[in-house]
Amino acid sequence: MKRYVYIDDDESSHDIYCDNRISNRKYTVLNFLPKNLWEQFSRFMNQYFLLIACLQLWPLITPVNPASTWGPLIFIFAVSASKEAWDDYNRYLSDKKANEKEVWVVKKSVYIQAQDIHVGNIVWLRENDEVPCDLVLIGTSDPQGVCYIETAALDGETDLKTRVIPSACMGIDVELLHKIKAGVIECPSPDKDIRRFDANMRLFPPFIDNDICPQVHVYDVLNSWNRNETKMGMSRGIPEPKLTAMDAMIDKLTGAIFIFQIVVVLVLGVAGNVWKDTEAKQQWYVLYPHEGPWYELLVIPLRFELLCSIMIPISIKVSLDLVKSLYAKFIDWDHQMIDLETSIPSNATNTAISEDLGQVEYILTDKTGTLTENKMIFRRCCISGNFYGNENGDALKDVELLNAVSSGSSDVIRFLTVMAICNTVVPMLSKTGDILYKAQSQDEDALVHAAARLHMVYFNKSGNILEIKFNSSILQYEVLETLEFTSERKRMSVVLKDCQNGKILLLSKGADEAILPYARTGQQTRHFIEAVEQYAHLGLRTLCLAWRELKKDEYREWSLMFKEASSTLVDREWRVAEVCQRVEHDLDILGVTAIEDRLQDGVPETIETLRKAGINFWMLTGDKQNTAIQIALSCNFISPEPKGQLLSIDGKTEDEVCRSLERVLRTMRITTSEPKDVAFVVDGWALEIALSHYRKAFTELAVLSRTAICCRVTPSQKAQLVQILKSCDYRTLAIGDGGNDVRMIQQADIGVGISGREGLQAARAADYSIGKFRFLKRLILVHGRYSYNRTAFLSQYSFYKSLLICFIQIFFSFISGVSGTSLFNSVSLMAYNVFYTSVPVLVSVLDKDLSEKTVMQHPQILFYCQAGRLLNPSTFAGWFGRSLFHAIVVFVISIHAYAYDKSEMEEVSMVALSGCIWLQAFVVTMETNSFTILQHMAIWGNLAAFYVINWIFSALPSSGMYTIMFRLCRQPSYWIALFLMVAAGMGPILAIKYFRYTYRPSKINTLQQAERLGGPILSLGTIEPQQRSIEKDVSTLSITQPKNRNPVYEPLLSDSPNATRRSFGTGAPFDFFHSQSRLTHSTSYTRNCKDN
């Protein structure tokens, strides 16, 4: 659908198009309350608690005051709503700042706010001004109509881009722009593609000689749309929320508790009705009526439902949200993850998935700019079969090449000319008079600088005229057309006119497979192919250079087709590529360049450390296979022979890929039982066939392989590979630095972006951003592991404290006629859930079971997190049993000490509540590994606050607790009862913990003991693998998918490595979780892989 934008026609634009006001707010003042409540009640747990709170408003069935549920519910909703309101207010302030920026409107000759700009207005921007909306460039102060823009706000790219006004606007004085009275831009409807704007412009100014200007093409400039119709506004999407493995487990455990609660309610409800009909009606003091309403049978079950509703902790959601926000802040505040070179800190954009960092099993990484520095250095070249730079590794210092340049060798001169001007580089003069180059890619920058050092200096660009200086002569070229680089064509070309002799030339550069097949008939390309292979084996990036002379008639005919394709509004990109193909042939191959991209500091050490942690690595790159392999070898990605083995999947047809994949699978199945590092390498073409026709076989290969190198892959293929690993229930982390990595980053469970030389697009789309690859080690081992451990304890403790008080209520029902009567009053229940037991556990965010130094020295302990050792049905059963045991202890001692004729019910209630508070304080103390002053204050200060609060309530006659706490604290029996509760409740737990710590210590226990004693760790032993089964029949490629996984879990407090759900092989001292044989054969473990 087409749109027509009329220049400076305010009347029509006001009615048709929206204004330019930016609004990223989620709420307004009027809809905040209803919208926020709707969002909060869309969650099942909130709906459940709302239902419970509403049932408590029925006086006939509620065992406690409704405030015991409504109070915590309103408090938690208020906290969540306050957080949402604060975030939305910050967005409002940001929008307000952008909307109120002043912009000069040419026609009105006044400054207006950016929000008041309308479609069709002509605005005037000065140097370094921020672009307020999508604009079409129609004039600049440069005589040639050129301007330079930075698109970092759109795509994260920090290099300057060149924009040129359309030819129809050439010659219009900037001061006369306000006199334009008629003009129209024909363009498609707004879209979110920030790299394309296909449009045609017609101008009808009264001061132009001809009445109608020729139709021209405005390409890759900003559209004149406002607000959410801009490219950025339409590109701004809402990312799908990511559910962590721990959140999924908590949801399952919550469901299990809910089912248990229903069973308890039904059993107690039936028992209550039976007791009522058999025993209660025989007791004169009960006063049950002989006939009740029709719903009488539901009263007691509903009472127990309300009584047992606290089994599911009402505060768990807000508690987890709070601590996860703190985890994210710890990452932001980590000074050890600041890149000192660029002063870029780490940043956590997603605050909800920090614990998933500790469970990462696969890392999929880009190469250029992620593992390497993306600082390109020209090292070698091959010109007309002659190799330069092979001896000293630097072609710029090669005597033979320098002599060829000084002697004016025609082949070398043409080669250097293509290096210097076949690009989109913009030369600029610095204040000191030096030439600075603004390039859109680091490769182009390296080539232009190398040509300059070889005396082919590109020093000026004036409009379409390029000027280069070779020795003492100046050469001029006029740019006729630019055939831009695309990922499909893998090459770029420029059509030039040599101003010295009038010849029309086509200069091209690109990948070898995009240049060499189009060589002119009869030209030998063997030397160039050898050069590409040789340079790739050295890990260098290669580009082939070529040129061709065009006849004037041929160019004239082709130019008409190119302009026609460039001006179409339908399938423009495809039609332009087709026209480019008509001229990019019969090329005269000039040579091959080799550019070095150095590894970042610390990359080999980081990969080696994370491999010891059991993390597998896949490299997904667009480079050549040999280049990727050499980089992989240099950064410990793969091991050389004989320790390692690299298998290749190749082929151009389905049959070839089928045979290759079958061969690799057979070899992989045989070698998985051997202590050998086996990896496979595949190129984009074979990968496309494998994913399309042999997806199950490739999925099995992904399960078997610890390392993979995927070359010449597209962004969509990167995302597909991530999806394959996720379908096999692996936790994936994708890391990259460029726009082509965004899809992979968003698809992975965790996305990490590197703020590098390719811009900020990947960093902005990621969950976490870091300055260098080496910081990934600390992000995973320190922040990820600590977050997992802390969240595992917090979530299970939240259920423990709720189950503890609920079990006491259930036990009390057996001595209260199974009537659903509550032992505790409403104030105590509300304070218990919200204050008494929440404050101590929140400081668990500071707990560290091991020091950061120990964790970094022994990365193998990450296996406990990967295997879900601290939060699973078995550990939860342990906490469930602990709460049941503690409830029995508290109830029995309280009843025997104070029940029956010894005291009133309020005293029994307060004794039981005091026992719960003391027990939870000692539980938190026992589970805390490292203490700080803040933790001591939270645990023991909270205990003291319990007594202060209850003393205050005991002093109020209307509180229902009048004098209770004063009387209890004066009684020795109260303190003796509390001592017995703590001793009986904590004694067995401490005994079990001591036994396991002494006689069956885990690897973590061993490290903890070594830290306390300050001595070295000579050996930590090995771990018994829990292995998976893999089909061994490889007669065909109809691969049987592995069956459902049956994880083995351990009881509470067990840290023995025998229950891990991964296969880790054997290990040597200091390598107690040796990870090279993770996939050995057994029938005791299977992996769940979904069909794709």
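Quick notes on this structure:
- Taken over region 877-897, the criterion of being surrounded by 20 or more Cβ atoms within 10 Å (Cβ to Cβ) and over 30 Å from residue 613 (Cα atoms) is satisfied by 880, 882, 883, 886, 887, 889, 890, 891, 893, 894, 897.
- With respect to the conditions (1) touching a helix residue (DSSP H, G or I) at 6+ places or on another chain (Cβ under 7 Å); (2) open to solvent by 10 Å² or more (accessible area, probe 1.4 Å); (3) at pLDDT 90 or above, residue 874 lacks only one, and its number is (1).
- Only one of the numbered conditions (1) open to solvent by 60 Å² or more (accessible area, probe 1.4 Å); (2) more than 17 Å from residue 920 (Cα to Cα) is not met by residue 990, and that is (2).
- Cross-chain or 6+ apart pairs with Cβ under 8 Å, region 527-552 first and assigned by the TED database to the domain that holds residue 584 and on the phi < 0 side of the Ramachandran plot, then of a type in the set (Asp, Glu) and in a loop (DSSP other than H, G, I, E, B): 541/623; 548/586
- Inside region 665-680, residues that are open to solvent by less than 20 Å² (accessible area, probe 1.4 Å) and at pLDDT 75 or above make up a count of 7.
- Condition check for residue 604: outside any helix (DSSP H, G or I) and out of contact with any Lys or Arg (no Cβ under 7 Å at 6 or more places or on another chain): no
- Condition check for residue 855: β-branched (Val, Ile, Thr) and under 26 Å from residue 832 (Cβ atoms): no
- Within region 241-259, residues that are closer than 18 Å to residue 323 by Cβ and open to solvent by less than 90 Å² (accessible area, probe 1.4 Å) sit with their Cβ atoms under 8 Å from residues that are at pLDDT below 85 and part of a helix (DSSP H, G or I), at 6+ positions apart or across chains, in these pairs: 250/316; 254/45.
- Members of region 24-40 that are modelled with pLDDT of 75 or more and surrounded by 11 or more Cβ atoms within 10 Å (Cβ to Cβ): 25, 26, 27, 28, 31, 32, 33, 35, 36, 37, 39, 40
- Near pairs, Cβ below 6 angstrom, 6+ apart or cross-chain, from region 692-714 (hydrophobic (A, V, I, L, M, F, W, C)) to any residue that is assigned to a strand (DSSP E or B) and open to solvent by 10 Å² or more (accessible area, probe 1.4 Å): 711/683
- Residue satisfying condition, being open to solvent by less than 40 Å² (accessible area, probe 1.4 Å), without any contact (Cβ under 8 Å) to a residue 60 or more places away in the chain, acidic (Asp, Glu) and farther than 23 Å from residue 561 by Cα, within set 444, 513: 444
- Of all the numbered requirements in (1) at pLDDT 90 or above; (2) open to solvent by 20 Å² or more (accessible area, probe 1.4 Å); (3) within 27 Å of the chain's Cα centre (by Cα), residue 659 misses one, and that requirement is (3).
- Check on residue 924, of a type outside the set (Phe, Trp, Tyr), loosely packed, with under 13 Cβ neighbours inside 10 Å and at pLDDT 85 or above: no
- Taking the criterion of being of a type in the set (D, E, K, R) and open to solvent by 50 Å² or more (accessible area, probe 1.4 Å), the residues of region 464-489 that qualify are 469, 478, 484, 488.
- Per the listing 627, 593, the residue uniquely part of a strand (DSSP E or B), closer than 30 Å to residue 535 by Cβ and open to solvent by less than 30 Å² (accessible area, probe 1.4 Å) is 593.
The values are calculated or read from the model by the stated rules, or taken from the named source; none is laboratory data. Everything quoted here is computed from the prediction, not taken from an experiment. Please note: Cβ atoms are built from the backbone with ideal geometry, for glycine as well, and neighbour counts cover all protein chains shown. The accessibility values were calculated without ligands, DNA or RNA, using every heavy atom of the protein model including side chains. Shrake-Rupley method; radii C 1.70, N 1.55, O 1.52, S 1.80 Å.
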